[in-house]
Amino acid sequence: MAALAPIATIATVAATGAGVAATLRQASAQRQAQQAQAAAQASQEQARRTELAAQRTQDSAERAATLARTVAATRARLGAAGVAPDDGSAAAITEGMERTAAEAEDSSDTIFRQRLARGRASLLASDGTMSTVAQVSRTLGQAARSLLA
């Protein structure tokens, strides 16, 4: 029976080594899959950001064109009524329109920043590193208990 003890120890060490190697291979494959997934998510996030920026630019251009048309139409009506469009209350009307448009632009910028932040990936996303260490530690702990028993 004493002759079998060293063989059992060698078998335990070999099995533990094979288990650790398998765990490390599995962790490597998981890490590669996670990296590929992270790259795909980053690509999707960049596409989303590009789309949001394009939408923001288009909305801003539409607001500017609408403001220009509204101010021009108001000035034309005031001019047709014999009121100088750049003086007094007529000027206050166009300045009010421009101020309202600037406030809408600021609001749009705030919403744009919120949309960008909402899609940001969590900084707490797990990369699996600690779970691999825990698995290897558990395997080595089992082997040590087996050898000491």
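Throughout, read-outs are computed from the coordinates displayed, never taken from laboratory work. Note that this is a predicted model, so its numbers are computed, not measured. Heads up, the Cβs are rebuilt from the backbone with ideal geometry, glycines too, and the neighbour counts pull from every protein chain shown.
Being under 30 Å from Asp87 (Cα atoms) and either of a type in the set (A, V, I, L, M) or out of contact with any Asp or Glu (no Cβ under 7 Å at 6 or more places or on another chain) (or both): is that true of Glu45 here? No, not satisfied. The selection criterion, being under 15 Å from the mean Cα position of the chain (by Cα) and among the small types (Gly, Ala, Ser), holds for Ala47. Based on this model, can you work out whether Ala18 counts as surrounded by fewer than 14 Cβ atoms within 10 Å (Cβ to Cβ) and under 30 Å from Glu105 (Cβ atoms)? The answer is no for Ala18.
When you go through Arg63, Arg56, Arg31, Arg25 one by one, which is the residue that is part of a helix (DSSP H, G or I), in contact (Cβ under 8 Å) with a residue 40 or more places away in the chain, over 30 Å from Ile93 (Cβ atoms) and among the basic types (Lys, Arg)? Spell out the reasoning first.
On the way: Arg63 fails: over 30 Å from Ile93 (Cβ atoms); Arg56 fails: over 30 Å from Ile93 (Cβ atoms); Arg25 fails: in contact (Cβ under 8 Å) with a residue 40 or more places away in the chain.
Every option except Arg31 fails the conditions.
Residues in the range 80-99: is at least one within 34 Å of the chain's Cα centre (by Cα) and either more than 30 Å from Arg138 (Cβ to Cβ) or of a type in the set (D, E, K, R) (or both)? Checked against the condition, which is being within 34 Å of the chain's Cα centre (by Cα) and either more than 30 Å from Arg138 (Cβ to Cβ) or of a type in the set (D, E, K, R) (or both), the range 80-99 yields at least one hit. Residue pairs whose Cβ atoms lie under 6 Å apart, sitting 6 or more positions apart in sequence or on different chains, and linking a residue in the range 88-115 that is in contact (Cβ under 8 Å) with a residue 60 or more places away in the chain and more than 14 Å from Thr66 (Cα to Cα) to a partner that is part of a helix (DSSP H, G or I) and basic (Lys, Arg), are Phe112/Arg56.
Residues in the range 44-96 that are surrounded by 13 or more Cβ atoms within 10 Å (Cβ to Cβ), among the hydrophobic types (A, V, I, L, M, F, W, C) and out of contact with any Pro (no Cβ under 7 Å at 6 or more places or on another chain): Leu52, Leu67, Val71, Val83, Ala90, Ala91, Ile93.
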